Amino acid sequence: MEKSTGKTNTAVFISGRGSNLKSLINFSKNKKSPIKIKLVVSNNSKAKGLKLSKKNKIENFLINFKNKSYAESKVLKVLKNKKIELICLAGFMKILSKAFIKKFKGEILNIHPSLLPKYKGLNTHLRVIRNKEKFSGCTVHLVNSRLDSGKIILQKKIKVFKNDNVTNLSKRVLKAEHKLYPRAISKLLSFS
Ligand code: GRF
């Protein structure tokens, strides 16, 4: 039988690279971390992040989202089995349905590479640069049924330089994301 750690059982959902997953795995290894990552869910069998979970002996659950309601019902079952209390979306490229969000009894967090409510959706850095914004950043927020619109937990502001391109800016924002997500989780869990 597994020893109870008093930590929040967490699942991380990914679709690709998994650099935020990596930062969350490192965070979870800290003795004082409030989370234990018990599951990584992916809709993409080629997601690089899946290698990370294997390396860290975290169970993967791969599921094709072509039939979304079928996929979501399967995911909900696994989450229940694993007693997952927190979902962290980390570059998960599918929009979870209202029904899924309602049925999952824990909290769902997402990280987005902009200063929400500005620049919801995709291609944030390109739009920020085209609009000559002086600042961009990243946001960790709770997930509700509207895209990138749930309650904001934490944000980090990042300066946009005149000669920035998407590559530079996304690199700087990503670095900030890796610090922000663990901090936001700690904040959320210390108040719930
Ligand atoms: C990050 O920029 C995140 O904010 C966005 O998707 C990207 C995922 O990157 N939602 P990674 O897979 O965590 O490296």
Item to complete: Would you be able to tell me the number of residues in the range 131-171 that are in a loop (DSSP other than H, G, I, E, B), farther than 30 Å from LYS105 by Cβ and charged (D, E, K, R)?
Response: 5
Discussion item. Among the numbered criteria (1) open to solvent by 20 Å² or more (accessible area, probe 1.4 Å); (2) closer than 24 Å to LYS46 by Cα; (3) in contact with a Ser or Thr (Cβ under 8 Å, 6 or more places away or on another chain), which one does GLU107 miss?
Written reply: (2)
Worksheet item: Any idea which of (1) over 20 Å from ILE35 (Cα atoms); (2) touching a residue at least 40 places away in the same chain (Cβ under 8 Å) is the one ILE111 doesn't satisfy?
Response: (1)
Discussion item. If LYS31 satisfies all but one of (1) farther than 15 Å from LEU109 by Cα; (2) within 13 Å of the ligand (Cβ to nearest atom), what's the number of the condition it fails?
Written reply: (2)
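Can you tell me which of ILE14, ILE37 is modelled with pLDDT of 95 or more, open to solvent by 10 Å² or more (accessible area, probe 1.4 Å) and among the hydrophobic types (A, V, I, L, M, F, W, C)?
Step by step, each of ILE14, ILE37 is checked, and only ILE37 is modelled with pLDDT of 95 or more, open to solvent by 10 Å² or more (accessible area, probe 1.4 Å) and among the hydrophobic types (A, V, I, L, M, F, W, C).
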Fill in: Complete set of residues in the range 69-92 that are open to solvent by 40 Å² or more (accessible area, probe 1.4 Å) and in a helix (DSSP H, G or I)
SER69, TYR70, SER73, LYS74, LYS77, LYS80, ASN81
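Within the range 69-126, work out how many residues are of a type in the set (Gly, Ala, Ser), within 11 Å of the ligand (Cβ to nearest atom) and closer than 15 Å to SER15 by Cα. Full working, then the answer.
Here is the first cut: in the range 69-126, the residues of a type in the set (Gly, Ala, Ser) are 69, 71, 73, 90-91, 97, 99, 106, 114, 121.
Filter again for within 11 Å of the ligand (Cβ to nearest atom), leaving 90-91, 114, 121.
Adding the requirement that they be closer than 15 Å to SER15 by Cα leaves 90-91.
Summing the residues that are of a type in the set (Gly, Ala, Ser), within 11 Å of the ligand (Cβ to nearest atom) and closer than 15 Å to SER15 by Cα in the range 69-126 gives 2.
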Practice prompt. Kindly provide the set of residues from the range 21-60 that are part of a strand (DSSP E or B) and in contact with a Leu (Cβ under 6 Å, 6 or more places away or on another chain), ordered by number.
Written response: SER42, GLU59, ASN60
Worksheet item: Taking the condition open to solvent by 50 Å² or more (accessible area, probe 1.4 Å) and closer than 29 Å to LYS7 by Cα, does LYS66 pass?
Response: no
Worksheet item: Just to be sure, is LYS156 open to solvent by 100 Å² or more (accessible area, probe 1.4 Å), over 30 Å from TYR70 (Cβ atoms) and modelled with pLDDT of 95 or more?
Response: no
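The values are calculated or read from the model by the stated rules, or taken from the named source; none is laboratory data. Just so it is clear, the structure is predicted and the values come from calculations on it, not from any experiment. No Cβ is skipped: glycine too gets one built from the backbone with ideal geometry, and neighbour counts run over all protein chains shown. Please note that ligands, DNA and RNA were not included when accessible areas were found on the heavy atoms of the full protein model with its side chains. Shrake-Rupley method; radii C 1.70, N 1.55, O 1.52, S 1.80 Å.
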